[in-house]
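The values are calculated or read from the model by the stated rules, or taken from the named source; none is laboratory data. Predicted model, so just to flag it, every value in this text is computed and none were measured. Cβ coordinates were reconstructed from backbone atoms using ideal geometry, including for glycine residues, and neighbour counts include every protein chain displayed.
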């Protein structure tokens, strides 16, 4: 997540439930932030159980303090 990212969430759209919420660790200006994944992967490292019959959404919230669009803010690498 880039420096203006505030939160990242994983939602089960089918049930309307939020499955995971993370906030990035502080990072230097221009550097990507690490997002803690412990709750997403759980203690076993096996991850969340998902169903092929459900729809899911990843939601990222950014706070852009500049006066211009950050063109690569929402890209998946």
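Quick one: how many residues across segment 27-68 are out of contact with any helix residue (DSSP H, G or I) (no Cβ under 8 Å at 6 or more places or on another chain) and modelled with pLDDT under 80?
20
Does any residue in segment 55-77 that is over 23 Å from residue 11 (Cα atoms) come within less than 9 Å, Cβ to Cβ, of a residue that is at pLDDT 80 or above six or more places away or on a different chain, and which pairs are these?
These pairs meet every condition: 70/62; 70/64.
Any chance you could count how many residues in segment 1-26 are at pLDDT below 90 and either within 21 Å of residue 68 (Cα to Cα) or in a loop (DSSP other than H, G, I, E, B) (or both)?
Selection size over segment 1-26: 11.
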